[in-house]
1. Please report the carbon-and-sulfur percent of the accessible area for the chain; probe 1.4 Å, protein heavy atoms only, DNA, RNA and ligands left out.
2. Under a 1.4 Å probe, what is the accessible area of the chain per residue, stated in Å²?
3. Sorting check: for 9-21, 216-228, 135-147, which peptide has the highest mean count of neighbouring beta carbons within 10 Å, and how do the rest follow?
4. Return the calculated 222 nm mean residue ellipticity for the chain, to the nearest 500 deg cm²/dmol, obtained by summing -39500 (n - 2.57) across DSSP H runs with n ≥ 4 and dividing by the residue count.
5. Show me the helices of the chain, taken as full DSSP H stretches, that run 30 Å or more along their long axis by Cα and average -1.0 or above in Kyte-Doolittle hydropathy.
6. If I histogram all Cα-Cα distances within the chain using bins 5 Å wide from 0, what percent of pairs lands in each bin?
Amino acid sequence: MPLSKRAIAEFLGTFWLVFGGCGSAVLAAGVHLGIGYVGVAFAFGLTVLTMAFAIGHVSGCHLNPAVSIGLVTAKRFPASELPAYIVAQVLGAICASGVLYLIASGNSTFSLAGGFASNGYADHSPEHYSLLACFLIEVLLTAFFLLVILGATDERAPKGFAPIAIGLCLTLIHLISIPVTNTSVNPARSTGPAIFVGGWALSQLWLFWVAPILGAILGGLISTTFFAAPQPPIREEMSRDRP
């Protein structure tokens with residue numbers, strides 16, 4: 001599959017992740033009898049699960065610069081293709097945020113002052129967690145996310161279940177950390193909303209690039225050091241995992 005087509009798949013997949021996940025937070029979480037934290041957590045997990053089945057056989061369904069970097073660290077993805085994937089993922093997130101902004105603006109009560117599902121720390125953490133706490137949880141959760149991704153797509157793992165394991169892992173991650181950072185573990189997901197909110201969201205965006213990338217590298221190194229077996233590229237594995 002040409003890199004251009006795989007990049008398009010990553011663009012569309014990341015668009016779906018941000019539109020579905022952040023859209024659930026912006027449009028459905030705060031309304032009367034809204035879905036709340038639990039619903040938002042499941043929305044993010046479902047976007048990854050559905051896209052893993054839809055485009056996993058095309059691009060590997062990374063949808064996340066940190067995941068792509070972690071896969072490079074684990075020697076499961078070629079570094080030469082990393083820039084194209086990251087650009088596609090970030091553009092997908094920005095476009096999804098733009099469409100979500102247009103839709104949300106159709107309600108007269110909508111305001112970016114509500115945060116627009118942006119990630120933040122300290123005064124902009126949902127429950128006012130410190131910078132250190134937010135940094136640590138983003139590193140830790142991204143590291144475990146990579147361990148699950150690498151384990152679920154390992155050639156020794158049961159076939160056909162990787163998208164379910166990865167989607168449920170992202171759901172669990174959100175159940176843990178929405179109150180802390182609004183959950184990133186994905187620099188592209190953080191960048192999209194931050195561009196529209198501006199101000200504090202952009203000034204705090206660095207954490208949601210640095211911490212997930214460090215966590216992904218850590219997860220990739222742990223997997224490679226302790227659990228690795230010879231692996232084909234992850235996009236080929238996902239193709240074999242299709243039911």
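1. The value for the chain is 72 percent carbon and sulfur by accessible area.
2. Here the per-residue accessible area is 42 Å².
3. 9-21, 135-147, 216-228
4. Rounded to the nearest 500, the figure is -21500 deg cm²/dmol.
5. 36-59, 82-104, 131-152
6. P(r) over the chain, rounded to whole percents: 1, 7, 15, 20, 22, 16, 10, 6, 3, 1, 0, 0.
The values are calculated or read from the model by the stated rules, or taken from the named source; none is laboratory data. Nothing here was measured: the structure is a model prediction, and the numbers come from that model. All Cβ positions, glycine included, derive from the backbone under ideal geometry; neighbour counts span all protein chains shown. With ligands, DNA and RNA removed, areas are computed over all heavy atoms of the protein, side chains included. Shrake-Rupley method; radii C 1.70, N 1.55, O 1.52, S 1.80 Å.
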